[in-house]
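*Asks:* Could you have a look at this structure, given as structure tokens, before my questions?
The numbers here are math on the coordinates, done by the rules we state, and not lab data. On a predicted model such as this, the values are computed, not experimentally measured, just so you know. Positions of Cβ are backbone-derived with ideal geometry, glycine not excepted, and every protein chain shown enters the neighbour counts.
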Amino acid sequence: MEKFKLSPREEYLGKRIVNAAYTVHKELGPGLLEKVYESCMYHLLREENIIVVRQSIVPVHFRGLVFDDGIRLDLCVEDMVLVELKAVEAIIPIHQAQILTQLKLTGKNLGYLINFNVPLIKDGIHRYIYNHKQ
């Protein structure tokens, strides 16, 4: 079975997202609300002329029904990469399920689950790749 490959643009954006997370965590540290980290991440990525949308609502389609308030994405980067931000004691399985479901329902391949409530940000960054062709 051939390994799924991300596009060069997805890889580039992923690196920019991780770099932004490191910068925000280094300057602010843990202990703030998710909204603060979201604002800072948004600002840093926009400074690099990267298109970022905050708190976008994605409808969910189910058996002919459309739920307009289906999912809310923390950050959607260039309509390619999803970023779910947390400021929690620990990442638990429901957080992982959340980002994977967001990837599945939006058709995106790459997502990051970033928990800022950690002493070292490298321990709070989780990368997920969703292969829609499985």
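*Asks:* What is the order of LEU33, LEU73, fewest Cβ neighbours within 10 Å to most?
*Replies:* Neighbour counts put them in this order, fewest first: LEU33, LEU73.
*Asks:* A further question follows. May I ask for the angle, rounded to the nearest 10°, between helix 8-28 and the longest principal axis of the chain, with both axes built from Cα atoms and the value confined to 0 to 90°?
*Replies:* That helix lies at roughly 40 degrees to the long axis.
*Asks:* Please figure out what share of the DSSP beta bridges in the stretch 8-129 is antiparallel and state it in percent, rounded to the nearest 5.
*Replies:* Approximately 75 percent, going by the DSSP bridge assignments.
*Asks:* Between the stretch 76-134 and the stretch 30-72, what is the C-alpha centre distance in whole Å?
*Replies:* 12
*Asks:* Report, in debye and to the nearest 20, how large the dipole of the stretch 8-129 comes out about its Cα centre when Lys and Arg carry +1 and Asp and Glu carry -1 on their Cβ.
*Replies:* 200
*Asks:* How much net charge surrounds HIS95 when only the other residues with a Cβ under 13 Å from the Cβ of HIS95 are counted, with Lys and Arg +1 and Asp and Glu -1?
*Replies:* Charge balance in the 13 Å sphere: -3.
*Asks:* What ranking do 14-26, 120-132 get when scored by the average of other Cβ atoms within 10 Å per residue, highest first?
*Replies:* Order by mean packing, descending: 14-26, 120-132.
*Asks:* In deg cm²/dmol, rounded to 500, what helix-only [θ] at 222 nm does the chain give when every DSSP H run of at least 4 residues adds -39500 (n - 2.57) and the total is split over its residues?
*Replies:* It comes out at -12000 deg cm²/dmol, rounded to the nearest 500.
*Asks:* In straight Cα distance, which lysines are under 17 Å from LYS15, not counting same-chain residues fewer than 8 positions off?
*Replies:* LYS5, LYS26, LYS108, LYS122
*Asks:* Of VAL58, VAL118, how do they rank once you tally other Cβ atoms within 10 Å and put the fewest first?
*Replies:* VAL58, VAL118
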